[in-house]
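No value in this document is a laboratory result; all are computed from the given coordinates. As the structure is a prediction and not an experimental result, all values here were calculated from the model. Cβ coordinates were reconstructed from backbone atoms using ideal geometry, including for glycine residues, and neighbour counts include every protein chain displayed.
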């Protein structure tokens, strides 16, 4: 078995169709739309892009998000498993990671496996078929770095941080909608994710204790991934964002206020860039 | 064939706007043919105008009937997400489109009944009324051989009427029904 | 109630209750126990690494999830052995975290060789039809032969671990039975198992020759092999 495993080779059954960030960003449609159809009236029911039960498409949006969570958990499972496999136990230098970190990654693999189980059950409960929506493989891409410290930054802090934001939103949705399972399950998964983020924060500090340059590279990489995982501003503190930064849970997971503020700024930047890109594409399209 | 000069694609009594899509890979003629096929299956003889908003990936749908006669124009508005292949975004999804448009045609047919005279226009329906009507349409589509995931509509109904045994029983009644009036259909569980 | 005086109560009792049949003698001294535990830890590590690595390579969703769960089970076993080693006078656990012999290294290389997505049967055969049954055997032998009193901490770990091993073996075997559906699949599974078993036999088990003790007797009734001496790799 190879030491490092490329994202293109992730094994899936025939129900799954994969896509990547470039393909997703090539879709220039925006939720607000542009022409005169029913959307104006419909969106007027909800003052934000947030997933709330008063949206006309609440259940379908929740189904899509839950499927996204499920495939994200599959990739997180694969990523944790690969980190347990790819690096020998050692002192943390070079291609090695401490034995205890390997154990933590194996533990995370179990947690992620449970999350796949939970989200598959919830998907069935919500009437979603496995593979019904396309799978964006961006999460595993962040887990592919050859430097284990970058994996910690990209996966445990950025990806699992995103999971905290998404699960918080889904938990609230389940609570408001009165869904007895959704709120219950998301609460459990949220507890695990806070643990994973904290684990990442702790190990990142520990492994780079005597290597400030490596630490700053890792934090830089985390910012890149955080911006990527903002999905063009879909996550952020603004009303235009579909889901919010879960500040309280991020604090529990070891993020400082400054770090959360930085993520919020990155989200805003991503939203502005996405809007500018859509405007440019629409202008080019109109000119043709 | 669609051409840049055409504002709409027309097949028989079905017109699709726009004739050419820029943001999604839909074929207006394929859409028109599908609407015509569904209209025949559900016995909707009205002239139909399908207007697709390709600028949004959302999936809102509405149907507007000018009068209750079989020759009154029927306008269906669809956001592109209601017609696309969710596994290959921006491409046409025939199964999903058939399910979306089938529901709109069944709604239009319902509106031609006297006991639907009090039904508000689609865009003025409450979320709960929409959910009840969707369940009623989806059940009939399933019995007509269309691929419909019942649990999806049960979940949608539960989100509007509550996660209770009573709501589930009401959903089952709607799902199995073929001949309801508007008041019966939207009655609270 | 009656006139008879109540017997005097005493708190003096035998150190071992009548139902406690544990005994002192055990087959392994501290050094031999540490050696075996080091071999176990090495093999458990290799197994959890393999299971973790394979998760991304198997397309079957249920198998993917079980591998994730089992990956942690074996990591936990490795952790228990890692913590036991200093209690067995090995202050640098890495020193004894070793394969029993060179054949065990070859076994692990051969077991982890399958990577392609269509080789799920081979992956599962290696883990669940060859290696995990060997763990069950090694641990059972160790638990049944070590001193029940002096080595109680090892027994406690063995008992927990054995429960996992048996549960995981059952899971793996059931996954395999559900995947093996043609004659060709049967041949694939059997051929891979035979190849791996041959290397494992050469290794003599997870802790080397004597992993499960002497198995044959001389005419006079003495074992033909001595597990504690021949077990040293």
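From Cα coordinates alone, what are the radius of gyration and Dmax values for the protein assembly as shown in angstrom?
Cα-based Rg and Dmax for the protein assembly as shown come out at 31.7, 120 Å.
Need one value for C:185-198: mean number of C-beta atoms belonging to other chains within 10 Å of its residues' C-beta atoms.
0
Consider just the alpha-carbon atoms of chain B and return their Rg together with their Dmax, both in angstrom.
Both quantities, over Cα of chain B: 16.4, 55 Å.
Averaged over peptide A:112-122, how many Cβ atoms belonging to another chain are found within 10 Å of each residue's Cβ?
Shielding by partners across A:112-122 averages 3.
Using Cβ counts within 10 Å as a stand-in for footprinting exposure, how do A:103, C:88, A:219, C:131 rank, fewest first?
Fewest to most other Cβ atoms nearby, the residues stand as A:219, A:103, C:88, C:131.
With just the Cα atoms defining each centre, how far is region C:107-129 from region A:62-137? Give it in Å.
Cα centres, region C:107-129 to region A:62-137: 21 Å.
Please order A:263, A:69 by the number of other Cβ within 10 Å, starting at the fewest.
Ordered from fewest to most neighbouring Cβ atoms within 10 Å, A:263, A:69 come out as A:69, A:263.
If you take the beta carbon distance between residue C:167 and residue B:67 as r and set R0 to 60 Å, what does 1/(1 + (r/R0)^6) give as a FRET efficiency, to the nearest 0.05?
0.30
Assuming R0 = 25 Å, can you tell me the calculated FRET efficiency for the pair residue A:219 and residue A:277, based on Cβ-Cβ distance, to the nearest 0.05?
The value I calculate is 0.40.
Kindly express, to the nearest 10 degrees and within the range 0 to 90, the angle between helix A:212-228's C-alpha long axis and the longest C-alpha principal axis of chain A.
20 degrees
In deg cm²/dmol and to the nearest 500, what is the mean residue ellipticity at 222 nm of chain C if only DSSP H runs of at least 4 residues count, each as -39500 (n - 2.57), divided by the residue total?
-19500 deg cm²/dmol
Under the rule a/c < 1.5 gives rounded, and otherwise a/b versus b/c splits prolate from oblate, where does region A:50-287 land using the Cα gyration tensor?
Oblate, since a/c reaches 1.5 and b/c is not below a/b.
Mind giving me the FRET efficiency for residue C:12 and residue C:149? R0 is 30 Å, r the Cβ-Cβ distance, nearest 0.05 is fine.
Once rounded, the FRET efficiency stands at 0.90.
Taking chain C as the reference, fit the longest principal axis to its C-alpha atoms, fit the long axis of helix C:183-203 to the helix C-alpha atoms, and give the angle between the two in degrees, 0 to 90, nearest 10.
On a 0 to 90 degree scale, this one is about 50.
Just counting partner chain Cβ atoms within 10 Å, what average do the residues of peptide B:151-163 show around their Cβ?
Taking all residues of B:151-163 together, the mean is 6.
Given a 10 angstrom Cα cut-off, can you work out which residue in C:114, C:15, C:99 is the most mobile in a GNM of chain C?
Among C:114, C:15, C:99, the largest GNM mean-square fluctuation belongs to C:15.
Going by Cα centres, region B:104-168 and region C:1-52 are how many Å apart?
The distance from the Cα centre of region B:104-168 to that of region C:1-52 comes to 66 Å.
Mind checking the angle between helix B:165-176 and chain B's longest principal axis? C-alpha axes, 0 to 90 degrees, to the nearest 10.
Between the helix axis and the principal axis of chain B, the angle is about 50 degrees.
Using only C-alpha atoms and all pairs of different ones, pull out the Kirkwood radius for region B:84-189 in Å with one decimal.
14.3 Å
Using the 10 angstrom Cβ neighbour count as an exposure proxy, how do B:115, B:71, B:53 rank, fewest first?
The most exposed by this proxy come first: B:71, B:115, B:53.
Send over the per residue convex hull volume for region B:1-112, Cα only, as a whole number of Å³.
Spread over its residues, the Cα hull of region B:1-112 gives 86 Å³ apiece.
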